[in-house]
Amino acid sequence: MIYTEKRDELIPALFNARKAMSSKAKKNTANNHLKSRYANLESFLEAIRPSLEANNLMIQQSWEVGPERNIIYLNTEVMHVSGQSLQVTSPFPITKPDAHGVGSAITYARRYAIACVFGIAQADDDGNATVVSSTDIVNSLGKATELDKLKQIYDYARRPEQFGNDSAAMRVITAKYNEQKASLVQPGQGFNIAQKPQPTQPEPTAEPEAPADNSPGNFSDF
């Protein structure tokens, strides 16, 4: 962190603001695909803004793409009305080189910077595209207990903004999808001649009975 030369008004204000802040950002957003909840950017800002403003403080965040082109540098500055301030600059990776990927990286970076500066607890089960990895998808497929839900997760993974353009990731995801799908198929849905039940012989009686029907019948009955 970088502070202005004078900080005699900034530090007490920050101390009082932190005492009044919530220690956690509420998990207010659901990830339907990964069956989890996480705290979005709005929740983090709600956790810090009231106490900042009550102590004549404000937060400002800006960003720029680095020369590497796959990293953004987020600058977070906390300013006091006196002009004293602190700032921190942090690098964050861009996982997908498109508008959605950059936007997700910025939102993700802003939340984590706020958590770091003010000590706000946060959940790791993030739901945006930046933090959903192919491993997350594979794990979710493995937990699916219904075919409809399994297909929903797989269709989500196949989106171009997710892993649809990543052939290596899709091979792993597809293999897990097929494996889990096979495990969810109910026994007896297909005909297996090795498991065909044998006709039972009738019990002997005093009166003769018609011979048992040992024909194979309709395969769809099995």
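Listing for the model above:
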read-out	value
Calculated over the range 1-123: convex hull of Cα atoms, volume per residue (Å³)	102 Å³
Simple Cβ-charge dipole of the range 134-184, Lys/Arg +1 and Asp/Glu -1, about Cα centre, in debye nearest 20	100 debye
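None of the figures in this text is laboratory data; all of them are computed from the coordinates on show. Keep in mind that what you see is a predicted model, and the values were worked out from it rather than measured. Glycine gets a Cβ as well: all are built from the backbone with ideal geometry, and neighbour counts include every protein chain shown.
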